[in-house]
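Computed from the coordinates by the stated procedures, all read-outs in this text should not be read as laboratory data. Treat the numbers as computed from the prediction; the structure is a model and nothing was measured. For neighbour counting, all protein chains shown are included, and Cβ atoms are generated from backbone atoms with ideal geometry for every residue, glycine included.
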Amino acid sequence: ARMALPALALLLAAGLLHTQASPSARSFQLDYEHNCFRKDGAPFRYISGSIHYARVPRPAWRDRLLKMYMSGLSAVQVYVPWNYHETLPGVYDFTGNRDVEAFLDLTAELGLLVILRPGPYICAEWEMGGLPAWLLWKPDITLRTSDPAYLAAVDSWLHVLLPKIKPHLYQHGGNIISVQVENEYGSYYACDHGYLRHLLGSFRALLGSEVLLFTTDSTQAEELRCGTLQGLYATIDFGPGSNVTEAFGAQRRVEPKGPLVNSEYYTGWLDYWGEAHASTSAAWVARGLEDMLQLGASINMQVVSWQRAQPAGEYMFHGGTNFAYWSGADYKDQYKPVTTSYDYDAPLSEAGDPTEKLFAIRMVISKFQPLPVGPMPPATPKYAYGWVALRKYADLLDVLDVLCPSGPIQSQFPLTFEALKQAHGFVVYHTQLPWDVPDPAMLAAPPHSICDRGYVMLQKEYQGTLERDGRTTLHVTGRAGDSLDMLLENMGRISFGANTSDFKGLLGNLSLNSRPLSNWLIYPLAIDTAVQQGWPHAALPESSSGGRVGPAFYTGTFETPGIAWDTFVKFPGWSKGLLWINGFNLGRYWTRRGPQQTLFVPGSVLHVGRPNNITVLELEGAPSTPLLLFLDRPVYNRTLGRST
């Protein structure tokens, strides 16, 4: 009896015993007696799809949401990436593309309900699963647990975010019908129910007692044990090909009563650099969807990689793009960074175009509920702007004064990105050869200490690349005092699994023939700041070598024929790097490794009537004639593997 009373009190506080009795004017509740949701007192089942506002340019939000609505969806599922909004401790950004409230207002305007997933951890193949890199400024922090340092940061964030969300709750006149707490926590090693209880208390205190709070986990018994908590409604995720009855049987073992919910029905597969482009059968997806709808389940459609140890879902009905440095990574035997494209073979393509899969899903939905009246909006217009010639502007090592205006940091041994308070991008580590090396000597890094790719230059001449879980040695020759530089690239922090404390940079000391190197000058680079301020187009040309290997900047311009339509840029003969157009970071290309061969360029970043400025940072080697090719469609057709 002593155990039963607190449990009953917690259920009452969570609002989970509300059923049909005295529904308020606007209510969204669980009905355990009839195993369903009730919206304003009436039985309700949602069909939802995921979209991430952070991966879609704000001018395209309306187009994508309208297409989702016209597909027959009644709701959208939305993640809030903490690190996208709190870029530094106590520094918040909810403007422009980060204006989550404007996004919510738009969903309401278009008649879509919202299932909100504010984390604090979201996975999403997003950098560090949405957790801010600055958490790692405290190196011994234990993420996603009751660690006081972690909880203090979480509480501070939730006290900023959730008051913005509360007016958008359905009970308050908004369109958010439910809110997820954490994300697939059962897949995390910690299994800290005290942490989940802390989150439950915070969400209740800040959002009130009426909002429906839930969790999502796989169908594995151990994950459901660690990821669920009394007071949070437990939902599951699984994909096409699963036995629907068995999968929902797993939910019934933790929620004997209540609606059946698949919070992540996987409609596609994700791409990693160096692996084949993945796709999923439209018929297969449609068949699984129909099986679930026949059982009366509520569903959210997403895509996932089935290559994980346990199927753990991410996304999408519309995926979008990992612009700039926001793509995350998985770790399964080795580090696996995610591509810039987040197309995921989703029903709406990366550029927002309806696909065969969308129409197959729409046909299934039409069997269970009326579709909105009117045609599906067409694909956005694309334009092949053709070839654009670039010229080399400068080797990266020749413009460190621009890229690191505060100057280098001196250190006896290398420092991590986190110790430097550098979240993303690049850092240069500079030292000198301490003695003559007439015969080839082995320059080596300790295992797992290159996080994630290191481009090595001796006397400013490119020597080769060292890589996490790959090549970690080079042979060099030189004289005492020769400059040795390594440009270290962060390819994205791990977003799924136990190792979300993914420190970046040179984590161990380089050695030369097993003798440690010391006396480093370390340059944290602010490349995006410089490019956004007009560099290098507003600067005088640099006098750099004409060589085409090693890290260097290339520039060019092009004009559009009176239109600013979406396009895709291809990099024939280029190796690996980043692209900016008009100061906007469009993300990483990696032509040599694939499978992605083009970058999506939203028309909203282009100018009409004046030149569009292109800046490319090529890291390994540009073609002898540096050209870009603008196409009207993407290319995903080449994988050479991890050796390139």
So what is the calculated 222 nm ellipticity per residue for the chain, using -39500 (n - 2.57) for each DSSP H run with n of 4 or more, over all residues, to the nearest 500 deg cm²/dmol?
-> -5500 deg cm²/dmol
Remind me, relative contact order of the chain in percent, using alpha carbon pairs under 8 angstrom and six or more residues apart?
-> 14
Net charge near Glu246: determine it from the other residues with C-beta under 13 Å of the C-beta of Glu246, scoring Lys and Arg +1 and Asp and Glu -1.
-> +1
With both partners inside the chain, how many of the DSSP beta bridges are antiparallel, as a percent to the nearest 5?
-> 75
Per the 1/(1 + (r/R0)^6) rule, R0 = 22 Å and r from the Cβ atoms of Arg253 and Ala108, FRET efficiency to 0.05 is 0.05
How large, in Å, is region 483-609 by the Kirkwood hydrodynamic radius built from its alpha-carbon pairs?
-> 18.1
What's the local net charge at Leu484, with K and R +1, D and E -1, over the other residues with C-beta under 15 Å away?
-> -1
For semi-axes √(5λ) of the Cα gyration tensor in Å, several values are listed as (i) 67, 30, 24; (ii) 45, 29, 21; (iii) 49, 30, 26; flag the one computed from this structure.
-> (ii)
For each cysteine in the chain, check whether another cysteine's C-beta sits under 4.7 Å from its C-beta; list those where none does.
-> Cys36, Cys123, Cys404, Cys451
For Lys367, the lysines lying under 28 Å Cα to Cα, once residues fewer than eight places off in the same chain are dropped, come out as Lys39, Lys67, Lys257, Lys357
Using +1 on the beta carbon of Lys and Arg, -1 on that of Asp and Glu, and nothing else charged, what's the dipole of the chain about the Cα centre, debye to 20?
-> 680
